[in-house]
1. When only alpha-carbon atoms count, how far does region 387-546 stretch along each of its three principal axes, as whole angstroms with the largest first?
2. For the pair residue 104/residue 35, report the inter-label distance in nm, with labels modelled 7 Å from Cα in the Cβ direction.
3. So if I take the centroid of the Cα atoms in region 472-512 and the same for region 223-262, what is the distance between those two points in Å?
4. Please list 111-123, 226-238 highest first by mean number of surrounding beta-carbon atoms within 10 Å per residue.
5. Hey, what D do you get for region 1-78 in µm²/s if you plug the Kirkwood alpha-carbon radius into Stokes-Einstein at 4 °C and 1.567 mPa s?
6. Which of rounded, prolate or oblate describes region 296-361 when judged by the alpha-carbon gyration tensor and an a/c cut-off of 1.5?
7. Given points 7 Å out from each Cα along the Cα-Cβ axis, report the residue 506 to residue 298 separation in nanometres with one decimal.
8. Note the full-extension length gain between residue 224 and residue 363 as 0.36 nm times their separation in residues minus their Cα-Cα distance, in nm to one decimal.
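Nothing in this text is a laboratory measurement; each read-out follows from the coordinates by a stated rule. What you see is a predicted model; the values in this text were computed from it and never measured. When we count neighbours, we look across all protein chains shown, and the Cβ atoms used for this are built from the backbone with ideal geometry, even at glycine.
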């Protein structure tokens, strides 16, 4: 889509310290870029994202009356918002800015090919200049934000998030599908570090939640429908006890659905004896002060733990991810029961007590004479039962010996996995999932709390396997995100969305079927009905435009003309104006 405004383009090439300039000849790249059509100014600078680099862009926009800006630097993920803000401060529309990724796409992946990397950088900038010439200003749009947050999940993460939001004076509704709050933490005995009772921690949080003025708790309930977009979600909650539903309008959503401990049903040695239990079951025994052998009802004298059961084990019966909490939890449980047992043995693949204060827990177990033995992952321990007695045989790969132990109680330390119903939650909130089944964050480093569904945050073990410390930390972060959203009162929505050309729409409904976000509906007041894009729900993925047989949908900021111009600039480079070569 062309614009009546004559393009005046500025190109700014970043050294990124040694990250780009160590491979790419940035001076040559900038020199050639200066001679491309519509380019009024081109330069290179050590750090474009620095204060001085930003000021350079502002100054040159004013000096050369630039109305388009191309910055060749690092990933747009990192600094596109920065540079968009800079050009806006110089009275250039943010959508008249184009960023080229020379770091991840060129220098880092071609660090041993400097000449080829430089040529690739020249090609990418030439393509971006061609696209920039066709960019048009877009209106920056906003939507109001309902000052009300929905928290899904009443475990430690959900409680922490809800209490934090309430403390900031905003309304919050917490929905928990179980009759009681507390989640998995309520099933534990004591926590590491500090040896504090888990029940005491949960009771304090539940009390704080129940006396909160702005916090509504809905237990034995679950979300059954979600519509709308950031700032204006319409949520339907069903009470499982009464089958009654209630509709809520919320501005933000925090998903804190937690985890469940894997139970290796049908997989030996689980099920071979009543005295083979999981760590989760042992914790419940400890919590209730009933650490007894299920077969005899007597306290165990010999206890054996086997780690990584179902964790770090690819295949149908296992999970590839490390569950992270297990090692410290196993070592802590083993140390706790030394006071009432004669022998405690831990059979491990690896010990990863990684967190703050966790190594002290590991050291404490050694001091209490817990025995440790490393098994061969390729030759797991073999468990047999004879006359009701357990026997475990394995090879200790450090000592090089074949060993045997006869535990009264065998504890399997199993994986942390997503809870039942995670597929339904994923569909309700349009969340993607990683290979381990947990929900994906927007970006593992740059946006670990938000998701690709704007206005929906994740916290705690809903995002990945983790312990209660990390869960509450992440929950407080998600609460801060939600509170800042509500405090603003309104939020900008992306303008790079789909747009329907009504005169071309044939009402075939292909776009609505293709849209993964449910952003397209139909205006039935017109005959024939016309597709309508709810821009706040559109993610600009382009699926609808690609599928439309009538070419009735265009993608703003990614029009056919703009993309074609990039392809042509690569395949048929324009003549370099004013000298230089390409």
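1. 80, 38, 28
2. With each label point 7 Å from Cα toward Cβ, the separation is 3.3 nm.
3. Result: 18 Å between the Cα centres.
4. So the order, starting with the most tightly packed, is 226-238, 111-123.
5. Using the Kirkwood radius from Cα pairs, D works out to 100 µm²/s.
6. Here region 296-361 falls in the oblate category.
7. Once both label points are built, they end up 8.2 nm from each other.
8. Going from the current span to full extension adds 45.3 nm.
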